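Please read the structure below before turning to the comments.
The values are calculated or read from the model by the stated rules, or taken from the named source; none is laboratory data. Quick caveat, the model's predicted, so the values are computed rather than measured. Reconstructed Cβ throughout: ideal geometry from the backbone, glycine too, with neighbour counts over all protein chains shown.
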Amino acid sequence: MTDSTFTNGHLAPEAPAINFFNLVWCALALAVMIGIIASGNLWALVFLHIFAGGLWTGIDLFMGFVVGPILRRTPFETRRAVLTRLTPRTIFIMPVLSIVTGTTGWFLAKAMGYLDTPWPAYGWVAAALAIVTVLTIQGIGLLLPTQIRVYRELRKPNPDPAHIAAISRNYFYLIASQGVLQVAIMVIMARFRMGL
């Protein structure tokens, strides 16, 4: 069996290495975003914002309310198998989606005049900016480093479940809070669509 090895008497999948070639498509995505912003094409800016935001929200909600609760109740080797396959992908896509969504949202708000909206309607704009800022800081500053530390421990021949539990003590709660904030931002976006 080329795709698995025996560890502590259990059949455990080999953890793939992080493929840093993914940084190329990350850079490409950011270059496309910069190009669209520089072009001033409002339709393309709206499309990119909705596309990146939809992916970011969908993945966050799926991870927070479906995958997370399932993994918390599965045996360690199952969690190990899933996380060692999932992490090498999410550590690239999630930061890019958050950066693209937040940045295009800012430029879109500016282009559509939302930044000049008087109070109390500006409260919706301020709430959107605050939530996106919190989501991005949590994702890049807390969740990403935790994912990488857990992944590195899971790749060891004999990973220590107690150490992983200590590293990721608040991880699932952070993911759930990301899901709640994503729902809140959808409420705000619906308000934007209906007019402030």
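Note on region 41-74: among residues that are part of a helix (DSSP H, G or I) and β-branched (V, I, T), the one that is farthest from S177 (Cα to Cα) is V46.
Out of R89, R72, R80, R85, report the one residue that is within 13 Å of the chain's Cα centre (by Cα) and of a type in the set (K, R). The conditions single out R89. For V100, the conditions (1) surrounded by fewer than 18 Cβ atoms within 10 Å (Cβ to Cβ); (2) under 22 Å from the mean Cα position of the chain (by Cα); (3) of a type in the set (V, I, T) all hold with the exception of (1). Of all the criteria given as (1) in a helix (DSSP H, G or I); (2) free of Cβ contacts under 8 Å to residues at least 24 places away in the same chain; (3) polar (S, T, N, Q), the one not satisfied by T101 is (2). Among the residues of region 114-129, some residue qualifies, meaning at least one is of a type in the set (D, E), at pLDDT 85 or above, more than 14 Å from the chain's Cα centre (by Cα) and surrounded by fewer than 14 Cβ atoms within 10 Å (Cβ to Cβ). Condition check for K110 on (1) at pLDDT 90 or above; (2) within 21 Å of L181 (Cα to Cα): one failure, at (2). When you scan region 111-133, do you find a residue that is assigned to a helix (DSSP H, G or I), closer than 24 Å to T87 by Cα and aliphatic (A, V, I, L, M), even just one? Scanning region 111-133, I find at least one residue that is assigned to a helix (DSSP H, G or I), closer than 24 Å to T87 by Cα and aliphatic (A, V, I, L, M), so the answer is yes.
The set of residues in region 49-91 being among the small types (G, A, S), over 20 Å from E153 (Cα atoms) and surrounded by 17 or more Cβ atoms within 10 Å (Cβ to Cβ) consists of A52, G53, G64. Quick one: in region 147-196, which of the residues that are in a helix (DSSP H, G or I) and of a type in the set (G, A, S) is surrounded by the most Cβ atoms within 10 Å (Cβ to Cβ)? So the residue we want is G179. Here is the figure for region 139-158: residues that are over 14 Å from D60 (Cβ atoms) and either in contact with a helix residue (DSSP H, G or I) (Cβ under 9 Å, 6 or more places away or on another chain) or not charged (D, E, K, R) (or both) total 12.
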